[in-house]
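What follows is a single structure, written as structure tokens, with notes after it.
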Amino acid sequence: MIGRLRGIVISKTDQLLLDVGGVGYVVHCSDRTLSQLPVQGAEAIVHTELVVREDLMQLYGFASLGEREWYRLLTSVQGVGAKAALAILGTIGTQSLARALTLGDINTVKAAPGVGPKLAQRICMELKDKAAKLMGTIPNEDEVVEDFAPDISKPAAKNAPMEFVASSTPSHEAEAISALANLGYDRVLAAQTIGNLAGEGLELNELIKTALRAMAPKG
């Protein structure tokens, strides 16, 4: 298994060609990840997933370990292959994907090229519970653009995927606050919202879903 590559960018087209110790690796990445990678000749680090079939062997690259975990979660759904998973991650990113799965937002998921309404519905149905759990267990990790010395002064793109920090306590409330904060919500507001919902006996995914609805813009 090849889980991580560090090398020099040879080219970026619809895929990445990375020189690692004189060996050129072809790595398939989403458009979002490719846009984050540095220019030709700069050093890059990508986390990878090796897919091996009878007639095919391909590497898929991700900006972080967290993004790779979302890819693995997506491809656990029947009918979601590597291409569809990359399309979803590239189109909506992990942050919007987490929201969509938690809320059962089929329209957001089906916005990805090649993902129809039936497949989007299946993804939301099968992953709504797993998504909440994943949000609380993926460790915080710098984005790929922060791993390159040549681009260290450049801020991450505004639409760069956001990964999720593992809660420091086992309580659903703490995990939910952490997940909401990493979705971009103010931590104080998240804590207040979760506090208002505490005591209702909600499971983690329902707690996050209810909080998201409560914090959604009105009107």
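The values are calculated or read from the model by the stated rules, or taken from the named source; none is laboratory data. Small disclaimer: the values here were computed from a predicted structure and weren't measured. Quick reminder, even Gly has a Cβ in these numbers, built from the backbone with ideal geometry, and neighbours come from all protein chains shown. In case anyone asks, the SASA skips ligands and DNA or RNA and just uses the protein heavy atoms, side chains included. Shrake-Rupley method; radii C 1.70, N 1.55, O 1.52, S 1.80 Å.
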Surface accessible to a 1.4 Å probe, per residue, for the residues of region 1-142, Å² = 47
Paramagnetic label zone (point 7 Å from Cα along Cα-to-C-beta, residue 58; backbone N under 14 Å) in region 18-50 | 26-31, 49-50
Output the pairs from 83/110; 12/83; 83/118; 83/128; 12/128 with a Cα-Cα distance over 25 Å in this structure; if there are none, say none.
-> 12/128
Sum up the charges of everything whose Cβ sits under 10 Å from the Cβ of residue 85, counting Lys and Arg as +1 and Asp and Glu as -1, but leave residue 85 out.
-> +1
Formal net charge of residues neighbouring residue 61 (Cβ-Cβ distance under 10 Å; K, R +1; D, E -1) = 0
With the Cα gyration tensor of region 20-83 giving a ≥ b ≥ c as the square roots of its eigenvalues, does the rule (a/c under 1.5 for rounded; else a/b larger than b/c for prolate; else oblate) give rounded, prolate or oblate?
-> oblate
Counting only residues 5 or more places away or on other chains, whose amide H sits under 5 Å from the amide H of residue 42 once H atoms are built in the peptide plane?
-> 9
Label-point separation in nm, residue 192 to residue 111, each point 7 Å along Cα→Cβ = 2.8
